[in-house]
Amino acid sequence: MNLRLRSLALPVLLAVFGLGVAQAQPAIQPTADITQPPAAAQPSAHFDADAATEAYLNLIPPAARARSDAYFEGGYWLILWGFLYSSLISLLLLHLRWSARMRDLAARLTRFKALQTLFYWVQYLLLTTLLGFPLEYYQNFVREHQYGLATQTFGPWMGDEMKSLLVGLILGGVAVVGLFAIVRKLEKTWWIWGAIASLAFITVTIAISPVYLQPIFNKVTRLNDPKVTTPILRMAHANGIPTNDVYQIDASKQTTRMSANVSGFANTMRITLNDNLLRRGSPEEIQAVMGHEMGHYVMNHIPKFLLFFLVLIVVFFSYLFWGLKWALGRWGERWQVHDVSDPAVLPLVVLLAGVFFFVLTPVLNTETRTQEKEADMFGLNAARQPDGFAQAAIHLAEYRKMRPGPMEEYVFFDHPSGYDRIHSAMVWKGQNLELFEKTPSQPAPQPVPSAAPTPSAAQ
Ligand SMILES: [Zn+2]
């Protein structure tokens, strides 16, 4: 199956994007790792948060900034192209009656409804993956290489794509079979039970993700360098996080991005650092990032997000209930889609979902950005490493725009902008200068959990 899919996909992608590879531009130079806060950000009697922020931002060379702005702004358009492209695929499947044909084929293979749904799903996912491949290849392979963010050659990248497809076949299969069973059994109230089942499904997926899904793509190991883990675990325990483990993931296999995250649910919840952060980040920077991740953990951001999602998904399913009724009433016969319980309705569901989530882009981004801002402030207080936090923001500037306009930030940013993050850190520093000042007679008070950034402590 894999081979056949690949042999079909290759001619298409070479025809469409072969030139893109040949013309790949030289990789972006990574922003220099900062070893010392700039002069304006050093503690002094006239410390000014605005000037300190500007001094940090000036560390990014103009060419590097122009490039990461172009990368990030291109991402805005990709939201639109992704929406239009997937809508087009759904409309093709309906109008050309491919969806109806896939349903008929599934019905010839078995008389069991659940299996018919599953067979339909397999055909649907293979076909839409193939049709969607040119955009997928451009967005996640060609473009990532153009901007120097990708580290994989085509073979291993394609291997990961195949793994994703397999995960989609299995997990998506379970979800689709379950949801269509609900629609068949509960003709009038399926939308409310469907919403609840979707929430349960997403919760389980989040819970199994760090233990069963992440290891499919990357090696996840316990971090056991006491130089890194001791201050992190001290900070964790000081904030009531009952763990003795921090994890690391070999993200450098795929990307040059530095990052860390909180994943899992209940017993599987954990903090993971990627190896790019471990390799390039100073101890202060790693602690600042960990403080941020601990904020997500302590403030229960994943359970809160699931509550937000519950509201969203109930609204979505009621919209779906009316939207499907309306569209099937108008075009159902033409598309040969019988009713809501007919698996051939799936492209229509995906089309309506695409419209719903496209329109809600600013709402979804604002929900996550608000949580990220909370985690930023928590992290500054927990780690007390404003310069480490500014360093992290500079590193993230390799793939994020630093200074968007207010509307731009509201609509497109799922994290506070780099400017906002550095400015918050410098305001915090300005109000806690005594932690960083040294007088000749008296050693500086030690910030918890480790020393203030000094040239000797920083990498
Ligand atoms: Zn975060």
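The values are calculated or read from the model by the stated rules, or taken from the named source; none is laboratory data. Treat the numbers as computed from the prediction; the structure is a model and nothing was measured. Glycine also receives a Cβ, built like all others from the backbone with ideal geometry; neighbour counts cover every protein chain displayed. Just the protein is used for accessible areas: all its heavy atoms, side chains included, with ligands, DNA and RNA removed. Shrake-Rupley method; radii C 1.70, N 1.55, O 1.52, S 1.80 Å.
Length available on full extension from Trp326 to Phe358: 0.36 nm per residue minus the Cα-Cα distance, which gives 9.5 nm.
Taking the DSSP beta bridges in the chain as the whole, what percent of them are antiparallel, to the nearest 5?
On the way: 9 of 12 bridges.
Of the beta bridges lying entirely in the chain, close to 75 percent run antiparallel.
Between Thr110 and Arg234, the FRET efficiency estimated from the beta carbon spacing at R0 = 45 angstrom works out to 0.15.
Using only Cα atoms and rounding to the nearest 10 degrees, what angle (0 to 90) does helix 418-431 make with the longest principal axis of the chain? That works out to roughly 30 degrees.
Take every pair of alpha-carbon atoms less than 8 Å apart whose residues are at least six positions apart; their mean separation over the length of the chain yields a relative contact order of 23 percent. With the full set of protein chains in place, find how many percent of the accessible area of the chain is carbon and sulfur; take the probe as 1.4 Å. Reported share for carbon and sulfur atoms: 64 percent.
When the pairs Lys185/Lys325; Lys163/Lys373; Lys253/Lys373; Lys185/Lys304; Lys373/Lys429 are compared against a 27 Å limit on Cα-Cα distance, Lys163/Lys373; Lys253/Lys373; Lys185/Lys304 fall above it.
Using the Cβ-Cβ distance between Ala51 and Ser209 with R0 set to 51 Å, the FRET efficiency works out to roughly 0.75. Give me log10 I(q)/I(0) at q = 0.13, 0.21 Å⁻¹ for the range 183-315, Debye formula, one equal scatterer per alpha-carbon, no solvent. Scattering profile of the range 183-315, log10 relative to I(0): -0.62, -1.24. With every protein chain in place and a 1.4 angstrom probe, the accessible-area ranking of His338, His296, His237, His145, largest first, reads His338, His237, His145, His296. Here the label points at Leu84 and Val122, each 7 Å from Cα along the C-beta direction, are separated by 3.6 nm in the simple model. What the chain shows is 48 Å² of accessible area per residue, with the surface traced by a 1.4 Å probe over protein heavy atoms. Residues Asp342, Asp420, ordered by accessible area of protein heavy atoms at a 1.4 angstrom probe radius and largest first, appear as Asp420, Asp342. The angle between the Cα long axis of helix 113-137 and the longest principal axis of the Cα atoms of the chain comes to about 50 degrees, rounded to the nearest 10.
The modelled label-to-label distance for the pair Glu333/Glu136, using points 7 Å beyond Cα in the direction of Cβ, is 3.7 nm. Multiplying the residue separation of Phe308 and Thr368 by 0.36 nm and removing their Cα-Cα distance gives an extension gain of 20.6 nm. According to the Cα-based calculation, Rg over Rh for the chain is 1.01, with Rh computed by the Kirkwood formula.
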